Structures are given as structure tokens and as C-alpha cells.
1. Counting heavy atoms of the protein chains only and a 1.4 Å probe, report the per residue accessible area for region 38-89 as a whole number of Å².
2. Under 13 Å from the Cβ of ALA206, count the other residues' Cβ atoms, weight Lys and Arg +1, Asp and Glu -1, and hand me the total.
3. What accessible area per residue comes out for region 169-217, rounded to a whole number of Å², with a 1.4 Å probe?
4. In whole percent, what relative contact order does region 109-223 give with Cα contacts below 8 Å and a gap of six or more residues?
5. Report the equivalent ellipsoid semi-axes for region 171-225 in whole Å, largest first, defined as the square roots of five times the eigenvalues of the gyration tensor built from alpha carbon atoms.
6. To one decimal place, what orientation-averaged projected area in nm² is obtained for the convex hull of the Cα set of region 78-220?
7. Going down the table (LYS151/LYS208; LYS86/LYS121; LYS151/LYS199; LYS143/LYS199; LYS90/LYS140), which pairs top 20 Å between alpha carbons?
8. Over all directions, the average projected area of the alpha-carbon convex hull for region 77-147 comes to how many nm²?
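The values are calculated or read from the model by the stated rules, or taken from the named source; none is laboratory data. Computed from a predicted structure; not experimentally measured. Backbone-built Cβ (ideal geometry, glycine too); neighbour counts: all protein chains shown. Only protein heavy atoms, including side chains, enter the accessible area calculation; ligands, DNA and RNA are left aside. Shrake-Rupley method; radii C 1.70, N 1.55, O 1.52, S 1.80 Å.
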Amino acid sequence: MSKSAPPPGFTLNINDPQIQEAAIRIQASYRGHRSRKELREKGPPRILQDLRDVVLLEGSAAKLVCRVSAFPDPFIVWSKNGQQLKDGPKYRYVFEDPDVVALVVRDGLLDDLGRYTVTIKNPFGQTSGSACILVEAPAKVSKGPGNVAAKKGATVVLKAEISGEPPPDVAWLKDGDDIEEDDRVFYDIGDTNTILTIKSARASDAGKYEVFVENSLGTDQSFARVSLL
């Protein structure tokens, strides 16, 4: 029985230079894939590129990136200051390719400042690396002082809650002029607040008081009125 000829287009001419070139590319690709797989020896994870500190602007996002080598594929855990972070809207675990893992921190806040650690585990062991997220935020009076009505001779206290990174410079003013501190009128500056104290209040202490904060990213102020009875 004679063999019928194949339909047109179903034959390959192995002497065609284009066919030979395609075959060479396919063989090289297969050899490369096989070689990469064979070279991945089983063992504990290794960090090939350390995490680096990053700066997070308030309201924006930051990304910590680590390049690793691990076979079999590892289990990844991210933590902040020793507390494990869950993959979700705030913290997003990212796997960009087989050797790169990352953490994206969204909606930056001052509270996001801290040390972040990635722990990489597989059946043969584990390793870890750490870096800091440094948060930058404009100076802000998050809660201004309230108006005060006091008797003459009493102690008057004005308190404001402040924030900002770098930590802001703070000034208190009365009726638009800087307050010159002494033993009777002075103010303290803490990490999150500032307090103005007026001892043995006098009639001249009545007026409009302003707390002013400033850092490299912005300024803010708040006002309060002191009345003496």
C-alpha cells in the first residue's frame, strides 16, 4: 500500500536554515532550564542581598526588598519590632521573582517607624535579615491648647500635643511675641507634647497664646486665650 503525501504545510525541511536555527534555540533553552534546575542544590536559605533602610513619607508607601536563595522554596515571615505582620491591606507580602521577596508598607504613619525583619525558612534551616523604616512627617499640632480662665495668683498650664519627624522645633508666643522664659513663665518640650506653665498669674499674663511647630517638611500652629478673673 503506497503512503500518501502529507498535506501542504505539514512537512519540515531540516536543511532549511531557519528550521535549523529554531531547533538550536529550543535545545539551548531546554539545556539552560535543565542546568538552572540541576544547579539548585537543596539546603538552608541564604540572603544574597541584604535589606536596606528606607524612608517612608507620611501618607505614602515604602518597600523593603531582599534577594534570597532557597531550594526547596521557602516560607516567608515579616515582623516589626518582634511582632509578626499579616499580609493584608496595610502590609503586603510581595514575591517579584523566585529570588526576590519584598514587603510593601502602605498609608505611611509615624507609627510605622521601626525595625523590620524578614525570616526565611525551609526544611533545611532558616535565616533572617533586618532593616529600619525611617518615617518623615511634617510638623503638626495634633491637639492645641484649650482656653483657660483662672484667678490671679493661680498657676496656668497650657498643653499641646505635637508630632513630626524630624522632631519639630517648638516656640510659644504671647500676643504675637516670643515668650522669654524665666522662673515664673517657662515651657517644656516632650516627644509628643509641649507644656507652657505660668506661675502666680498676673493681669498682664492675660492674652492670646500661640504654640508654633516647625521642621524641614512643614509648619503648624494653634491658639488659645488666657483670661484672668
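1. Here the residues of region 38-89 average 68 Å² of exposed surface.
2. Residues near ALA206 contribute +4 overall.
3. Value for region 169-217: 57 Å² per residue.
4. With pairs under 8 Å counted, the relative contact order is 28 percent.
5. Values: eigenvalues 89, 35, 16 Å².
Its equivalent ellipsoid spans semi-axes of 21, 13, 9 Å.
6. 12.2
7. Values: LYS151/LYS208 17 Å; LYS86/LYS121 17 Å; LYS151/LYS199 11 Å; LYS143/LYS199 23 Å; LYS90/LYS140 23 Å.
Pairs exceeding the cut-off: LYS143/LYS199; LYS90/LYS140.
8. Average of the hull's projected areas for region 77-147 equals 6.9 nm².
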